[in-house]
Every structure is written in structure tokens, then in C-alpha cells.
Amino acid sequence: MKHQVEKAAFAKELKVFAATLAERITSDGEWTIRGFIDIFRNVYTISTDTKVVSKILELHLFPHFLAFAESIHYRMETATCQNWYPDLTFVSEKDPGVKFAVDLKTTYRDEEHPGFCNGFTLGSHGEYFVDRKSGKNIQYPYGEYSGHFCLGIIYTRAAVERLAETRVYRVDEIEDIPAVIKNFLFFAEEKWRIASDKGGSGNTANIGSIHYIEDILSGNGVFAKAGEELFDDYWANYGKIELLDPSGKRKKLSSFAEYLRYRGLPESLNNPRAQKRKGVPG
């Protein structure tokens, strides 16, 4: 692993920065963004749709990220194309060979299962992840980054009445507009530390996160005991290695426990706690 000293310093600065963000974008715990304004001074409220919320949060935070980059003597780049990885690239002004990937991820608390969130994806395990020199759908080849981080935002969805969502307000009524999200929790962590051993979304080749908030905040993911190299190898081979199940049928490798047995590695490298499921005690 290259640039370990720089990575440790960057991780420390990013975590400190993340801890300051809630106070910058909230008032009394609620999001200060309340809607879109047109040239006629009409304000249109924000939908609770997660894609809408995520994009506006990103725009709201952007000036703070620029200031953060300048304060630690890094240059910040946004992804050249939509859906490229990562959202933000930090390049050292002192040594341009030192680069860090930071993906912004948002999710909401699961009100039916206290202590859990809805989870998020941690990037693709497709071509650029497997071929660390590939430039497909990535700002710089994966192998040029000295660390891959997630800056995450966990929030609570407010119970906003449908009538309030569809009403048009005037600018002088802005304080009457209900906030759609509140109770923000920001964190920063290396993505391998909060990864699960399951895919993150539908049929796409995305790495999924763990869901238990306490483990997310402590970086206690499925691979926490095993390390980044085994995380890389597992996800580079996810869905590719075939195993025999107890009945003798062939199946694709789909869990870290199966991977450890396949590689002949100690079961103690697995982290069962990180696989804690919603609604399951313990």
C-alpha cells in the first residue's frame, strides 16, 4: 500500500471535517434548504425522493469541500462525467501522485428498525475495480488512488404532509416551509471498512454497505478483521468463482464465509457481527 503516512493524515482531516458539517447546513436540527426559487420569487418545496435529496445535499456541501481541500493543501476535482467514480478526487498540491477518492453517500434511518439505516452503495466492482489501470468510468485509474473513502450522511426523513409538498410558497414564507429531512449524522471512513459482502443495488455491479449504524461509525464492516487486500480480492471475484453446494450443485461464490473456505483462510477473518440483520436480535 502506497502513501500510508499521507493516507492516515488525510483520513484524520476528513473525519474532523465531516464532524463539522451538520452545524453548517442545519438550524435546530433541520435542513436549512427548503425549496427551489424561481425568478418570480415563488418557492417550490423539495420532494422526499432520495435522488433529489442526495443531489441537493451534494450541491449544498460543495463550497465546504472546496474550502476543506484548500485548507489541507489539496486540489479538488469533481467527476468529469455523470456516474463516474469517485464523486470527488483530492490531489496533493505538494505531490500530485498522492490522490484520494471520496464518494458522497446519503441514506436514511430505518424507523421500523432502530439503529439501522437503509444502506448505500460503495462503487462498482466491475472493470475499473478489477483492472486497476483501466480508465473506464473513473476519474483516474483505481490503482492511482492512495485511498478510497466514503463521506456519508445519515438522516431522518421528516413526516411531511403531501399538501405541504405540493404547495407553492412565497419567499417571505420560507420559514413556514417544512424541512423534508433532519437529524443529520455525518461520518468519513475508508470504504472497505464499511463494506458488506453483498451487492448494493439490483442488477448493477455495486458493492453494498453494512446497515447497522453503530458499526458504520466504527468502521466495523464485514472485512474489518480481514483487511483491504482480501476485500479487494473478494469483490474482484464476486459472482465469478463457482463452488459446489452440499447437494453437489454448482453455485457462484456470494459470501465472505464461502470465500474464506475457498481460499483456505481462517474463519476468524470473518466478522459476523457486521452482518447483523434488521429485526434480528443480537
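Overview of values
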read-out: Single condition residue 208 does not satisfy, out of (1) open to solvent by 10 Å² or more (accessible area, probe 1.4 Å); (2) not in a helix (DSSP H, G or I); value: (1)
read-out: Selection from region 108-149 of residues that are among the small types (Gly, Ala, Ser), open to solvent by less than 20 Å² (accessible area, probe 1.4 Å), closer than 27 Å to residue 12 by Cβ and at pLDDT 95 or above; value: 146, 147
read-out: Conditions (1) among the hydrophobic types (A, V, I, L, M, F, W, C); (2) in a helix (DSSP H, G or I); (3) open to solvent by 60 Å² or more (accessible area, probe 1.4 Å); (4) within 15 Å of residue 179 (Cβ to Cβ); number of the one not met by residue 52; value: (3)
read-out: Residues satisfying the stated conditions in region 29-49, i.e. among the aliphatic types (A, V, I, L, M) and exposed (fewer than 15 other Cβ atoms within 10 Å of the Cβ); value: 37, 39
read-out: Close pairs (8 angstrom Cβ cut-off, 6 or more residues apart or separate chains): open to solvent by 90 Å² or more (accessible area, probe 1.4 Å) in region 230-255, among the β-branched types (Val, Ile, Thr) anywhere; value: 252/241
read-out: Residue match in region 3-26 (condition: surrounded by 11 or more Cβ atoms within 10 Å (Cβ to Cβ), under 28 Å from residue 192 (Cβ atoms) and aromatic (Phe, Trp, Tyr)); value: yes
read-out: Residue check for residue 169: part of a strand (DSSP E or B), surrounded by fewer than 21 Cβ atoms within 10 Å (Cβ to Cβ) and either at pLDDT 95 or above or not hydrophobic (A, V, I, L, M, F, W, C) (or both); value: yes
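The values are calculated or read from the model by the stated rules, or taken from the named source; none is laboratory data. These numbers were taken from a predicted model, which means no experiment stands behind them. Please note: Cβ atoms are built from the backbone with ideal geometry, for glycine as well, and neighbour counts cover all protein chains shown. Heads up: the accessible areas ignore ligands, DNA and RNA and are worked out on the full protein's heavy atoms, side chains in. Shrake-Rupley method; radii C 1.70, N 1.55, O 1.52, S 1.80 Å.
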